[in-house]
Every structure is written in structure tokens, then in C-alpha cells.
Amino acid sequence: MVLTRLRWSITEGDRHPLQTMYDENLKKLSATIATIDDGVVVNKSHIQNAGNGLFATRVYHRGDIITAFSGCLMEREEAIHLDDVTYVRSLIHGRLVVDGIRHQVTGLGGASFANDDRGARNNSAFQALETAGLPTLVLVALRAIDVNDEILTSYGTFYWKRSALRTDSG
């Protein structure tokens, strides 16, 4: 499988050494948690100017693992130089990140499409789930989520500070 990152394709030679292990963990998890078009779907967000969002197609209870964060692993130093860090989430603090998928692919985890409402409506949280010796990033329900509810999560204060700096300087 070739994953798309920004405007170029990631081929075997470009992959992080742990990418295969991360992909295997995602494949194992996808048998038990939601993937795009099987438990979650990507549709227009209810948040103004947010673009697409992630929506539930089944009920989730507090503590349920909703879906995984599919994407390309890379070192933090490499991610700093990306033009678009909107879909980047930390996996191993200060060292390893996941550059999430930007286009929906049936069967992959949809966590990269969850938006941050910056308020009380956030109903999920990112969590690193230890599988086979490597953390795998997932979304976990903070409270009950009904069918058709938008799945929302906090991006954290650093994301919004960085976003404000880009807006102010650009």
C-alpha cells in the first residue's frame, strides 16, 4: 500500500523503520474498532470553516476505543519542516509523530478527521494504546456518542498557539 503525504507518495524506501509495525498494529485493531465506512464516516463538519469532520455511525460508550489514527510515522524533526502540520499528532513525546491521512480511505482509521470544537462539545480524546511494543494512537470516547454525532477532540493548547502564530505572521 502506498500512503499519500502532502503532494508526494510514501514508498517503501521513504518509510520510517517502525511504519510496518505501526501498520500491523492498525490492521489488528481494525478488526475490533471502527474504520472509515464501518463505524465512522467523514462528512462536512458542523464547525464553521472546519471542512470535513468525523461522525459516528454506531453508538459509543464512555471508554470505548472509537477509531485509530492512520498515517505515516516520522521523526519530530522531519515533521517540523512540513508545510501542513494540521494532521500531525505526537506518538512518542518529543520524538515520533504520525502524519495522519488527509483523504478518506475505506477500512483505515478515521481519527485524523476529528475536529476540535475548543469547548465542552469535545467528546473524545487521543490516547496512545500500547500494542506489540509500539504505541498506536487512537480516539477514546469521553462520554456517550450517538449515531450521527460529530466526534470531536482537543488538539491541545500548543496546536492553537502555533495556529495563531501562523495566522498572525501570514
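The values are calculated or read from the model by the stated rules, or taken from the named source; none is laboratory data. All figures in this text were calculated on a predicted structure; none of them were measured in a lab. Because the Cβ atoms are built from the backbone with ideal geometry, glycine has one as well, and the counts that use them run over all protein chains shown. Heavy atoms of the whole protein, side chains included, go into the accessibility calculation; ligands, DNA and RNA do not. Shrake-Rupley method; radii C 1.70, N 1.55, O 1.52, S 1.80 Å.
PHE126 sits with roughly 50 Å² accessible to a 1.4 Å probe, with DNA, RNA and ligands left out of the calculation. For LEU108, the residues whose modelled amide H falls within less than 5 Å of its own, excluding neighbours fewer than 5 places apart on the same chain, are ILE36. Segment ASP37..LEU129, full-extension length gain: 30.9 nm, with 0.36 nm per residue of separation and the alpha-carbon distance subtracted. Using heavy atoms of the protein chains and a probe of 1.4 Å, the accessible area assigned to TYR60 is about 10 Å².
Amide H contacts of ILE66: LEU139, VAL140, ALA141, each under 5 Å away and 5 or more positions distant or on a separate chain (H built 1.01 Å from N in the peptide plane; Pro and chain starts excluded). A DSSP coil position with no more than 14 other Cβ atoms inside 10 Å describes the following trypsin sites (Lys or Arg not before Pro) in region 31-139: ARG58, ARG62, ARG95, ARG118, ARG121.
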